[in-house]
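The values are calculated or read from the model by the stated rules, or taken from the named source; none is laboratory data. Quick caveat, the model's predicted, so the values are computed rather than measured. All Cβ positions, glycine included, derive from the backbone under ideal geometry; neighbour counts span all protein chains shown.
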Amino acid sequence: MTQNIVRLSEDVINQIAAGEVVENPASIVKELIENSLDAGARKISIRIQTGGQQLIEIEDDGCGMSSEDAILCLERHATSKIRTAEDLYALNTMGFRGEALAAISSISHFELKTSDGNMGTHILAQGGKIASISPMARNRGTTIAIRSLFFNVPARKKFQKSPSANTAQVAKVAETLALAHPEVSFVLKSQSDVLLRTEPEDRKKRIESLLGPFAHEVEMSFLQGFLSSPQNAKTHRRNQFLFINRRPVFSPVISRAVQAGYGTRIAENHYPPFILFLTIDSTQVDVNVHPQKKEVRLSCESALFHKIESAVAEAFAPQSFSEPISFTPHFTLAEETFPRPQPPSFQEMELPFEIEERLLTVAEHYLLIEKEGLIAVDLKAAHARILYERLAEKKGSSQALLWPLEIDLEDEDLPELEKMGIECRSIGVKRIAIDALPEGLEAEHFASFFSAWKEQKTIDTAAVRFCYGLKKNYSSDEALFLWRNLQKCRDRLYDPLGKRIWMKIRSIDFEKMMREAAKSQEKK
Ligand code: ADP
Ligand code: MG
């Protein structure tokens, strides 16, 4: 009998591994950026030519490697990141398999320049074989250049996408990793075009600068991020970004949980754009199930599903005013006993509403509160201030409408509406559909708000005109609601056009007024 089984050579093993780890330029860029992040880099620059076919070069300012490590790193299963199998269950690095550099260098012309702060090392390799090693002077950090990708794997080379498709994929990979690492600055250049450039910033800013603003925010201890409005759902999942412990992953389960949280707000076969960061105990997630670590296995999947579903649903829930309203109407001042005050002396101070303060009454659009004297609150002014801050600062979340509202307006005014957190889209010539309104602006009132806004198209006059025209009389509940919400405003003293919202009349002011009233009577 002839022997058919032979042991594969190391070269062939590496090439097989390369088939799993490095499919295309984008997967190479992913491995290299992850290595730079693992090395603690704060600045990562990537350069590609012809979609990565001709050149992929990545430079970082991370910890670099000693010359011994530089030689070792090209070997398969050479890693500085784990030592034992147990380490796999408490990973806090992106890499751990020790396969990427061996695989990448086995199918390219590979150049490594690295220094850990001491004398640097320059290594050239071809098809995984080291061709030269020499010392070189360089700052701490690592530069890796990959040329002639797949030069020795013609079959794979043939199946590569076009340079422009590869460039787009590389850009997506770099963008995704940049989203999860806002503290790192990234530059990506293709030929001479800059495709990505970021400065260190906080997470929210990074997300906004790369993906633009989102309508809804999720802020839980285990889940943070942003959700698009239901109206922006797409027929594909390309705009869904999920990170588990900062690792970008694809998880159909979590994607479905998010979808479930949107409930009936989106149509079937539509997928909401989102970016979510899930933080879970690293022992609960197995990342060692996919060579490119794209997929993960989660324990307690169904519990997690429900937690995520309700976290997402909560992001849409109207922020109801949940504090119990506990006031005890003590006695009611008859209207004529309410003095028409001369401008009294009032203190410019904060007036948080407390239980000891007593709501006396609501007289038309004034709320009267007893507190070391009397506080009179102009409820229309208070309402205008609250609404103004919500619209101008996009406080609170927007509320999707069951039925879109349609209005006549030029397309060019769309951005102005969006600035106020009104989600809208053009549906024809001078015709706009409103899909969601910011908190505090109800659908039934939108028409009158809109006509107030149209006059000057500024938020402050719109809020004032609308609120002053809204109603004449307020209930005690409405009055308290406004007074409490006013306490949360940045400016609690003036409406958006500068009219005073409340004033305090002390007992001595009353006495003064009484004396003046008596004096003027005497004169008569
Ligand atoms: P892994 O990341 O799974 O450990 P790699 O093949 O990607 O395997 O890298 C092998 C080793 O080379 C790493 O464990 C690390 O020690 C070293 N290394 C790779 N890239 C860099 C880099 N940019 N800076 C410093 N060290 C690096
Ligand atoms: Mg790696």
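Remark: TYR474 falls outside the filter, which requires a residue to be crowded, with 18+ Cβ neighbours inside 10 Å, among the hydroxyl-bearing types (Ser, Thr, Tyr) and modelled with pLDDT of 90 or more.
Reported count of residues in the range 21-49, each being more than 13 Å from ligand 1 (Cβ to nearest atom) and not hydrophobic (A, V, I, L, M, F, W, C), is 5. MET514 falls short of the stated requirement of being under 18 Å from LEU359 (Cβ atoms) and either at pLDDT below 85 or of a type outside the set (Gly, Ala, Ser) (or both). Among the residues of the range 461-471, just one is surrounded by fewer than 18 Cβ atoms within 10 Å (Cβ to Cβ) and basic (Lys, Arg), namely LYS471. Any residue at all in the range 105-115 that is surrounded by fewer than 23 Cβ atoms within 10 Å (Cβ to Cβ), in contact (Cβ under 8 Å) with a residue 40 or more places away in the chain and away from ligand 1 (no atom under 13 Å from the Cβ)? Yes: one or more hits. Residue under question is GLN160, and the condition is that it be farther than 26 Å from LYS43 by Cα, surrounded by 14 or more Cβ atoms within 10 Å (Cβ to Cβ), more than 16 Å from ligand 2 (Cβ to nearest atom) and free of Cβ contacts under 8 Å to residues at least 24 places away in the same chain; does it hold? Answer is no for this residue. Of the residues making up the range 129-157, those that are of a type in the set (A, V, I, L, M), more than 16 Å from ligand 2 (Cβ to nearest atom) and touching a residue at least 40 places away in the same chain (Cβ under 8 Å) are ILE130, ILE133, ALA145, LEU149, VAL153. Residue count for the range 164-213, restricted to those that are under 16 Å from GLU59 (Cβ atoms), among the charged types (D, E, K, R) and more than 22 Å from the chain's Cα centre (by Cα): 1.
Inspect the range 269-285 for any residue being over 17 Å from the mean Cα position of the chain (by Cα), within 23 Å of ASN35 (Cα to Cα) and of a type in the set (S, T, N, Q) and give the result as yes or no. Yes; the residues of the range 269-285 include at least one that is over 17 Å from the mean Cα position of the chain (by Cα), within 23 Å of ASN35 (Cα to Cα) and of a type in the set (S, T, N, Q).
Tell me, yes or no, whether the range 68-77 has at least one residue that is away from ligand 1 (no atom under 12 Å from the Cβ) and either over 21 Å from ASN245 (Cα atoms) or touching a Leu at 6+ places or on another chain (Cβ under 8 Å) (or both). Scanning the range 68-77 turns up no residue that is away from ligand 1 (no atom under 12 Å from the Cβ) and either over 21 Å from ASN245 (Cα atoms) or touching a Leu at 6+ places or on another chain (Cβ under 8 Å) (or both). Scanning the range 90-128 for residues that are more than 10 Å from ligand 2 (Cβ to nearest atom), part of a loop (DSSP other than H, G, I, E, B) and among the acidic types (Asp, Glu) yields a single hit, ASP116. Within the range 25-77, restricting attention to residues that are free of Cβ contacts under 8 Å to residues at least 60 places away in the same chain and away from ligand 2 (no atom under 16 Å from the Cβ), the residue that is farthest from SER192 (Cα to Cα) is GLU68.
Give the residue that is surrounded by the most Cβ atoms within 10 Å (Cβ to Cβ), with candidates limited to residues of the range 50-60 that are aliphatic (A, V, I, L, M) and away from ligand 1 (no atom under 12 Å from the Cβ). Result: ILE56.
Go through the range 155-261 and tell me which strands (runs of 3 or more DSSP E), entirely inside it, have 3 or more residues that are within 29 Å of LEU55 (Cβ to Cβ). Strands (runs of 3 or more DSSP E) meeting the threshold: 185-190, 193-197.
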